[in-house]
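A quick write-up on the structure given underneath.
The values are calculated or read from the model by the stated rules, or taken from the named source; none is laboratory data. Everything numeric here is computed off the predicted structure, so don't read it as measured data. Counting neighbours? That spans all protein chains shown, and the Cβs are built from the backbone with ideal geometry, glycine included.
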Amino acid sequence: MHRSRTARALTIATALTLAGGAAAATAAASAPDEVTTVSVGYLHTVGVDAIMHTGLANDTFISHGIELELTQFDSGISLSQALAGGSLDLAVMGAVISNFPAQGQGHAVIANNIEADTARIWAAPDADITTVEDLDGRQLATVQGTTAHVLLHIALTEAGMDTDAVQIVNSDMATAVNAFLSGAVPALSTWAPNDIRIEEQMPDAVVVTSAGEYFPDAAILGGWVASNDFIDETDTLHRLILGWLDANHLLMTETEASLDQVWEAAYEENLTREQLTDQFAQLRSYTNEEWAELYTDGSVGNWLGQVEQVFVDLGGLDEFVDPSEFFDPQIWLDAYEEWSA
């Protein structure tokens, strides 16, 4: 799906203060004449797209000759299906990064962050549900195979309950939230920013539990997955990761200014600026230097495997596949070596 075209050089915003090294500073000076367009699908949540929007606002991708052609999706399942079907080069997602790649459909290439406390289980105020144990035998709406489903599984397991103790009503997340708010189901497992809508429309709703209560056991890694074809486009992928490194550096060192940009570009219509800050705080984010250590010491691969095992336990995967089969940390580390030089 990616393609190259000629483009006039673009001057990068003077707000860029890329202290990450000479390579990054040189790349930020202007866009190259030759630009490769890459098709990217993504989920519109802060944990998934904040780094991407920071990069777009500051031309960090275009500075390395990469133009992102974006398509928004409602869940990681439909996004992964589009990637596997060949309509996308890359997909940016949450927990599903540990699912479809383990089935041979794509390769994990970039870790964005850990969704440490972005998912919650809610109960209607009159449902007589205040603890995880109270969910026994009750209906709960969610999207199977997603971050919200992973939280439900971990919460039930920690409470000593069978995973089939809850009657799951599976649908897309918009339908699940509507079902909960309309009273059709007494409970819901969802992810940010849906909690804001629930707080506004059902202010007495009960937070039964959240992912933060199970960290690091519920450490849900999110990031970028390359299609089976795009993983072989090593130069294009390398340049895209350089753009990501510039963007993550800005987000981590100029956080408030970067979040202002993210809010204005993508969230002004559905979140307040304070709500955006709160959702960013629900993440475990790392500097490029910290990520380099986490890629090198095996932490990123271990986090991928941790959530993959949940999918195996849920029956979504037939067997556990070692993350080394669908994740090569050296791809990111090679770009980081150039970026930090």
Report the residue count in the range 244-261 for those that are surrounded by fewer than 23 Cβ atoms within 10 Å (Cβ to Cβ) and either of a type in the set (A, V, I, L, M, F, W, C) or part of a helix (DSSP H, G or I) (or both). 8
Residue hits (the range 93-110; surrounded by fewer than 24 Cβ atoms within 10 Å (Cβ to Cβ) and either on the phi > 0 side of the Ramachandran plot or of a type outside the set (S, T, N, Q) (or both)) are Gly104, His107
Selection status of Ala111, in contact with a Leu (Cβ under 6 Å, 6 or more places away or on another chain) and within 28 Å of Met202 (Cβ to Cβ): no
Only one of (1) part of a loop (DSSP other than H, G, I, E, B); (2) modelled with pLDDT of 95 or more; (3) surrounded by fewer than 20 Cβ atoms within 10 Å (Cβ to Cβ) is not met by Ile129, so which one is it? (3)
Within the range 201-243, tally of residues that are part of a helix (DSSP H, G or I) and either touching a Gly at 6+ places or on another chain (Cβ under 9 Å) or modelled with pLDDT of 95 or more (or both): 14
Across the range 165-178, which residue is farthest from Ile198 (Cα to Cα) among those that are surrounded by fewer than 18 Cβ atoms within 10 Å (Cβ to Cβ) and not β-branched (Val, Ile, Thr)? Ala165
Would you tally the residues in the range 287-341 being surrounded by fewer than 13 Cβ atoms within 10 Å (Cβ to Cβ), under 20 Å from Ala226 (Cα atoms) and not acidic (Asp, Glu)? 2
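Out of Asp229, Asp297, I need the residue that is charged (D, E, K, R) and free of Cβ contacts under 8 Å to residues at least 40 places away in the same chain. Which one?
Only one candidate qualifies: Asp297.
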